[in-house]
Amino acid sequence: MRMTLIKTTLAAATLAVAAAGTLAPAAAQGDKSPEQWIQDRQDNLASAAAATKSVACALKGEGCPRAFDYLGLQARAIAHAARMAPQHFQEGPFPDAEADTTALPKIWDDYDTFVQGFEPMETHAREMIQAAQNEDLQAYAAAFKKTTDACSECHDTYRED
């Protein structure tokens, strides 16, 4: 019972964080403070991170759900975060902001290249969705590896560790 509650809570939290990044219409983004820009992008990518951790746990057999509908949900959260991420980085880097961020200023020096980095993340997350629909755990795991490789490549280039 307790593990089911934890799993349900994790899934609900993942969806809530994913939804938080989409509530503000794009037209209203020009009115945001630097801190809100930073918070929005952190919330959006936190949904991808939570889903990624949940998938890794499931694939390792560490007690997280392995049902294909659940794995598909996690893949959709990752794909959604990748699709939404570029809009959350439209403004920045905000060196005087009072919010902590690990985003490096070079994101905005080469914004187009940075944004292109989300394309493989979304593409491979969509492959995960398809594999979950086909109930093919091997294909799902392979697409997940490609997805996390895309994440790591971006983090290595554009994120302060």
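Structure notes:
- Which of Ala46, Cys151, Ala77, positive extreme of dipole for segment 45-159 (C-beta unit charges): Ala77
- A simple rule links phi to the HN-Hα coupling: the Karplus curve 6.51 cos²θ - 1.76 cosθ + 1.60 with θ = phi - 60°, which for segment 46-56 gives 5, 5, 5, 5, 5, 5, 4, 5, 5, 5, 4 Hz, with x for Gly and Pro.
- Label point distance in nm, Asp109-Lys145, each placed 7 Å from Cα along Cα→Cβ: 3.4
- Surface listing: Ser54, Ser33 arranged by accessible area from highest to lowest gives Ser33, Ser54, probe 1.4 Å.
- In a reduced charge model with +1 at each Lys and Arg Cβ and -1 at each Asp and Glu Cβ, segment 87-141 shows a dipole moment near 160 debye about its Cα centre.
- Nonlocal amide H pairs with Arg159, under 5 Å, H built at 1.01 Å: Leu104
- Per-q log10 I(q)/I(0), segment 65-159, q = 0.11, 0.13, 0.18 Å⁻¹ (Debye; single scatterer per alpha-carbon; no solvent): -0.37, -0.50, -0.80
The values are calculated or read from the model by the stated rules, or taken from the named source; none is laboratory data. As the structure is a computational prediction, the values presented were derived from the model and not from experiment. Here the Cβ is made from the backbone with ideal geometry for all residues, glycine too, and neighbour counts use every protein chain on show. Surface accessibility is based on the protein's heavy atoms, side chains included, excluding ligands, DNA and RNA. Shrake-Rupley method; radii C 1.70, N 1.55, O 1.52, S 1.80 Å.
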